[in-house]
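Encoded as structure tokens, the structure appears first; notes follow it.
The values are calculated or read from the model by the stated rules, or taken from the named source; none is laboratory data. Remember, predicted model here, so these are calculated numbers, not experimental data. Here Cβ is always computed from backbone atoms with ideal geometry, including for glycine, and neighbour counts include all displayed protein chains.
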Amino acid sequence: MLKSLDILVGVTTVMLVLSLVVTVLTQFSVQVLKLRTRCLRDGIIDLFATLEWRFSGDGGRRLADEIAGTNGAAREAITREELVEALLARAHGEVRANLAALAPGCDWGEALAGARRSAMEMAIERPHLASATLRGIALSKGPAAAIASQVFAVFDAAMDRAAARFTAVNRWMVIAFAASIAVALPVDTFDLFQRFARSDLARAEAVQLAESLALRSALPEGGREVQIALAKLEAAEAIVVPRTIHEWRIRAMRVNRLGVVVSALLLSLGAPFWFHILQDLTQLRSTAASQEKLDRTLRDRQQMALSGFPRVESRPPA
């Protein structure tokens, strides 16, 4: 039983480490492409559409780009209070016209300065309140109250839709990188089971690595840790990393293509999934190992007890 568990632990460890590689690649791509900022920009455009604000040409997109920082100091998130303040700070041209439809005759510069001044005064009187709460109260009590109420009413729904878009795009990126890793190595799930069944070294190295990973309270975040874990599995021949195109072709001819497809699907489940599975398996293995040790001790004692009985020697009849 313990060997079977070790095989499962080994396969799960490989899936976790390769899933971490997928995670690192996905996070790097998200940062390079400014995916969070772009989704935030789309959320702000969605909010403008919900408010039925009018812009000529791509004026709404340019304004959203400016607020989200798509082409400059990028934002990954924004609060509703920050959005209202950003709109008041840019109250000129088409923005001014759209704001005036909600609060005619308002002095936008004075409204923004007054809201910030009120927020600072309330921060002294109520230091236990969060900054966003204070700014929201100040905006709701000032001349820009009508604007704040309109933005606040549609803000959460617009940002939820933006978050859903980010999640969907991020999910597709995980699937794409999972398939790329499964093909690039290539990883055959059926071959993995056979490797761990044949190799004591691969099982021992995988179990040792699994125990060190399972003791962590969270997944490794640094690419260096993932690289070290990958190198350990490669040194134990649990996985094979082709160094050249020729090696990859030879490897690709030997693996089961269905096994590669299964690997891609398993890797797309994500590192958190495999991390929880690995923790459960290592805990189960620890229990099984303790039970097996206890059974072995009992068997040894029984054999010692049986060997201690005096032997009855047979004598020939007189």
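Applying the selection to the range 88-136, what residues are among the aliphatic types (A, V, I, L, M), touching a helix residue (DSSP H, G or I) at 6+ places or on another chain (Cβ under 9 Å) and over 22 Å from Ile67 (Cβ atoms)?
If the condition is that a residue be among the aliphatic types (A, V, I, L, M), touching a helix residue (DSSP H, G or I) at 6+ places or on another chain (Cβ under 9 Å) and over 22 Å from Ile67 (Cβ atoms), then Met120, Met122, Ala123, Leu129 are the ones that fit.
Consider the range 210-250. How many of its residues are of a type in the set (Lys, Arg) and either in contact with a His (Cβ under 6 Å, 6 or more places away or on another chain) or more than 24 Å from Val9 (Cβ to Cβ) (or both)?
Residues meeting the conditions: 2.
Can you tell me how many residues in the range 30-66 are of a type in the set (Lys, Arg) and under 21 Å from Ala103 (Cα atoms)?
At the first step, the residues of the range 30-66 found to be of a type in the set (Lys, Arg) are 34, 36, 38, 41, 54, 61-62.
Still in the list and also under 21 Å from Ala103 (Cα atoms): 54.
So the answer is 1.
Select from the range 33-51 the residues that are under 20 Å from Ser149 (Cα atoms) and either outside the structural domain of Ala162 (by TED's automatic domain parsing) or touching a residue at least 60 places away in the same chain (Cβ under 8 Å) (or both) and list them in ascending order. So that I can check it myself, show each step before the final result.
Taking the range 33-51 and keeping what is under 20 Å from Ser149 (Cα atoms), we get 43-51.
Scanning the range 33-51 gives Gly43, Ile44, Asp46, Leu47, Thr50, Leu51.
Does Ser217 satisfy being among the small types (Gly, Ala, Ser), surrounded by fewer than 20 Cβ atoms within 10 Å (Cβ to Cβ) and at pLDDT 90 or above?
No: the conditions fail for Ser217.
Give the residue that is nearest to Phe273 (Cα to Cα), with candidates limited to residues of the range 196-220 that are part of a helix (DSSP H, G or I) and of a type in the set (Gly, Ala, Ser).
Kept after step one, since they are part of a helix (DSSP H, G or I), are these residues of the range 196-220: 196-198, 200-214.
Next, from what is left, pick out any that are of a type in the set (Gly, Ala, Ser): 197, 202, 204, 206, 210, 212, 214.
Values: Ala197: 24, Ala202: 23, Ala204: 23, Ala206: 18, Ala210: 14, Ser212: 17, Ala214: 13 Å.
Selected residue: Ala214.
Looking at (1) surrounded by 13 or more Cβ atoms within 10 Å (Cβ to Cβ); (2) without any contact (Cβ under 8 Å) to a residue 40 or more places away in the chain, which one does Leu266 not meet, given that it meets all the others?
(2)
Phe190 is checked against (1) part of a helix (DSSP H, G or I); (2) within 25 Å of the chain's Cα centre (by Cα) and fails just one. What number does that condition carry?
Phe190 satisfies all of (1) part of a helix (DSSP H, G or I); (2) within 25 Å of the chain's Cα centre (by Cα) except (2).
Within the range 233-240, is there a residue that is within 14 Å of Leu20 (Cβ to Cβ) and either assigned to a helix (DSSP H, G or I) or touching a residue at least 60 places away in the same chain (Cβ under 8 Å) (or both)?
Our first condition is that a residue be within 14 Å of Leu20 (Cβ to Cβ); within the range 233-240, this holds for 233, 239.
Narrowing the set further to residues that are either assigned to a helix (DSSP H, G or I) or touching a residue at least 60 places away in the same chain (Cβ under 8 Å) (or both) leaves 233, 239.
Among the residues of the range 233-240, at least one is within 14 Å of Leu20 (Cβ to Cβ) and either assigned to a helix (DSSP H, G or I) or touching a residue at least 60 places away in the same chain (Cβ under 8 Å) (or both), which makes the answer yes.
Any residue at all in the range 283-293 that is modelled with pLDDT of 90 or more and in a helix (DSSP H, G or I)?
Filtering the range 283-293 for residues modelled with pLDDT of 90 or more gives 283-284.
This time we only want the ones that are in a helix (DSSP H, G or I), so: 283-284.
Checked against the condition, which is being modelled with pLDDT of 90 or more and in a helix (DSSP H, G or I), the range 283-293 yields at least one hit.
Among the residues of the range 268-287, write down those that are under 13 Å from Thr13 (Cβ atoms) and within 17 Å of the chain's Cα centre (by Cα).
If the condition is that a residue be under 13 Å from Thr13 (Cβ atoms) and within 17 Å of the chain's Cα centre (by Cα), then Ala271, Trp274, Phe275, Ile277, Leu278 are the ones that fit.
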